[in-house]
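The values are calculated or read from the model by the stated rules, or taken from the named source; none is laboratory data. Quick caveat, the model's predicted, so the values are computed rather than measured. Because the Cβ atoms are built from the backbone with ideal geometry, glycine has one as well, and the counts that use them run over all protein chains shown.
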Amino acid sequence: MAANKHDDSVIEASKAIVASLPPMKDLTTDNITENVHAINSQTPDPRLKYLLDRLVVHLHELARETRLSTDEWMAGIMFLTSVGQICTDVRQEFILLSDVLGLSLLVDSIDHPKPPNSTEGTVLGPFHTHEAPHSTLGSDISSDPDGEPCLVVCTLKDVSGKPIEGAKIDVWETDSKGFYDVQYQERDGPDGRAVLTSDKNGDFFFKAIVPVPYPIPHDGPVGKLLKLLKRHPYRPSHMHFMFAKDGFDPLITALYLRNDPFESSDAVFGVKDSLVVDLGKVNAEQAKKYGVKEGSALIEYDFVLVTDQEAQELREKKAMEAMKAQGRKMKMWKGLPIPDLD
């Protein structure tokens with residue numbers, strides 16, 4: 001059998017890289033971080049360089065601070081391996097892990113800052129799909145015969161109160177048993193979800209079912225982690241919304257029902273006070289207008305989007321304030337902070 005042969009071009013390219021690198025020092029627990037920085041600093045992308053710099057610092061400090069053992073680090077590696085192995089096209093365990101650690105909400109809040117008079121964002125969750133049908137306003141998005149019918153009536157405006165016409169609105173929710181359509185192996189298409197378009201008045205409305213609380217998938221590694229932490233896997237009753245319109249900052253959010261038993265302990269930290277709503281009742285006028293039964297459940301909400309420019313200005317302002325508070329000399333590069341080395 002012929003011996004394996006390494007790619008000569010890779011060998012030559014590697015030799016060229018070596019020639020440009022600073023020599024590594026005798027590696028110790030005290031200087032390993034600066035050596036990794038030296039090796040990583042050759043990238044021409046200043047944002048990547050900064051991200052890797054901070055990632056290495058915090059990972060190394062975690063190991064030093066906790067005196068991390070080899071067994072613990074290998075357990076962590078095997079945990080992340082198992083998270084990746086359970087991921088599928090309809091189940092994203094890494095998003096779930098990010099959610100239960102509070103990282104998803106943190107990143108969304110940083111990347112999509114909201115002025116006080118706009119709608120706050122929240123977590124996407126692992127069950128959004130791109131297969132929802134385009135539906136007309138007033139459509140019934142759920143075929144669940146056991147769900148309690150619910151009329152959803154909303155408006156969409158900018159921060160000045162001007163209606164936003166033609167926005168794409170993704171909506172999705174579970175069935176009455178607390179399962180999303182993609183969690184059923186025998187499903188024959190999307191259900192409990194739709195894509196709508198706001199009308200000239202910025203209005204949109206549809207028929208659904210009253211949201212119910214449900215557990216996040218807890219039969220995998222993330223579920224095992226929650227058990228170790230003595231945490232429950234439940235999310236409070238909610239309905240997801242995602243908005244997209246040229247010129248506006250994308251909004252991923254959800255509405256949560258007030259007084260749900262899990263309202264104050266959401267497994268993925270998604271609840272915000274401004275997104276908690278009361279479940280109302282359809283009056284006679286609404287029943288006639290929307291073709292639903294008087295007295296049936298009702299969710300009403302006024303969504304407010306911010307423009308791309310408004311979001312960018314606020315994002316940069318908050319970024320520089322945060323960097324200043326950390327004592328860092330920074331500048332903006334492609335809308336993101338990097339060290340100011342000038």
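Among (1) in contact (Cβ under 8 Å) with a residue 24 or more places away in the chain; (2) touching an Asp or Glu at 6+ places or on another chain (Cβ under 8 Å), where does Gly84 come up short? Status for Gly84: all satisfied but (1).
Each row is one residue, and each column tells you yes or no for (1) acidic (Asp, Glu); (2) touching a strand residue (DSSP E or B) at 6+ places or on another chain (Cβ under 6 Å); (3) assigned by TED's automatic domain parsing to the domain that holds Lys272; (4) in contact (Cβ under 8 Å) with a residue 40 or more places away in the chain.
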site	(1), (2), (3), (4)
Asp8	yes, no, no, no
Asp30	yes, no, no, no
Leu59	no, no, no, no
Val90	no, no, no, yes
Leu97	no, no, no, yes
Ser104	no, no, no, yes
Asp108	yes, no, no, yes
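Within segment 125-141, the set of residues being of a type in the set (D, E, K, R) and in a loop (DSSP other than H, G, I, E, B) comprises just one member, Glu131.
Among the residues of segment 132-162, those identified as among the charged types (D, E, K, R) and surrounded by fewer than 12 Cβ atoms within 10 Å (Cβ to Cβ) are Asp146, Lys162.
Restricting the first member to segment 110-128 and to residues that are in contact (Cβ under 8 Å) with a residue 12 or more places away in the chain, and the second to residues that are aliphatic (A, V, I, L, M) and surrounded by fewer than 17 Cβ atoms within 10 Å (Cβ to Cβ), the beta-carbon pairs closer than 7 Å and six or more apart or on different chains are Pro115/Val159; Asn117/Val159; Ser118/Val159.
Every residue, every condition in (1) assigned to a loop (DSSP other than H, G, I, E, B); (2) under 19 Å from the mean Cα position of the chain (by Cα), yes or no:
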| residue | (1), (2) |
| --- | --- |
| Leu196 | no, no |
| Asp199 | yes, no |
| Val212 | yes, no |
| Pro217 | yes, yes |
| His240 | no, yes |
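Quick one: in segment 275-293, which of the residues that are within 25 Å of Pro115 (Cβ to Cβ) and surrounded by 15 or more Cβ atoms within 10 Å (Cβ to Cβ) is farthest from the chain's Cα centre (by Cα)? Of everything passing the filter in segment 275-293, Val277 is farthest from the chain's Cα centre (by Cα). The helices (runs of 4 or more DSSP H) located wholly in segment 26-124 that include 2 or more residues which are touching a Pro at 6+ places or on another chain (Cβ under 6 Å) and surrounded by 11 or more Cβ atoms within 10 Å (Cβ to Cβ) occupy 70-86, 93-100.
Among residues belonging to segment 230-245 that are free of Cβ contacts under 8 Å to residues at least 40 places away in the same chain and in contact with a helix residue (DSSP H, G or I) (Cβ under 9 Å, 6 or more places away or on another chain), point out the one that is surrounded by the most Cβ atoms within 10 Å (Cβ to Cβ). If we take residues in segment 230-245 being free of Cβ contacts under 8 Å to residues at least 40 places away in the same chain and in contact with a helix residue (DSSP H, G or I) (Cβ under 9 Å, 6 or more places away or on another chain), then Pro233 is surrounded by the most Cβ atoms within 10 Å (Cβ to Cβ). Output the residue which, of all residues in segment 249-266 that are within 18 Å of the chain's Cα centre (by Cα) and crowded, with 19+ Cβ neighbours inside 10 Å, is nearest to His130 (Cα to Cα). Filtering segment 249-266 for residues that are within 18 Å of the chain's Cα centre (by Cα) and crowded, with 19+ Cβ neighbours inside 10 Å, the one nearest to His130 (Cα to Cα) comes out as Ile252.
Evaluating Asp170 against the criteria (1) touching a Phe, Trp or Tyr at 6+ places or on another chain (Cβ under 6 Å); (2) in a strand (DSSP E or B) leaves one unmet condition, (1). Restrict the check to segment 171-189 and report whether at least one residue is touching a helix residue (DSSP H, G or I) at 6+ places or on another chain (Cβ under 6 Å) and at pLDDT below 95. Yes, the conditions are met somewhere in segment 171-189.
When restricted to residues that are touching a Lys or Arg at 6+ places or on another chain (Cβ under 9 Å) and of a type in the set (Ser, Thr, Tyr), segment 275-321 contains 2.
Report yes if Asp273 is without any contact (Cβ under 8 Å) to a residue 60 or more places away in the chain and of a type outside the set (A, V, I, L, M), otherwise no. If you could, list the steps in order and put the result at the bottom.
On the way: without any contact (Cβ under 8 Å) to a residue 60 or more places away in the chain: yes; of a type outside the set (A, V, I, L, M): yes.
Taking the combined requirement at face value, the residue satisfies it.
Restricting attention to segment 305-325, does a residue exist that is over 29 Å from the mean Cα position of the chain (by Cα), in contact (Cβ under 8 Å) with a residue 24 or more places away in the chain and either part of a loop (DSSP other than H, G, I, E, B) or in the same structural domain as Leu51 (by TED's automatic domain parsing) (or both)?
No, there is no match, as no residue in segment 305-325 is over 29 Å from the mean Cα position of the chain (by Cα), in contact (Cβ under 8 Å) with a residue 24 or more places away in the chain and either part of a loop (DSSP other than H, G, I, E, B) or in the same structural domain as Leu51 (by TED's automatic domain parsing) (or both).
Hey, among Met323, Met332, which residue is touching a strand residue (DSSP E or B) at 6+ places or on another chain (Cβ under 7 Å) and farther than 18 Å from Pro115 by Cα? It is Met323.
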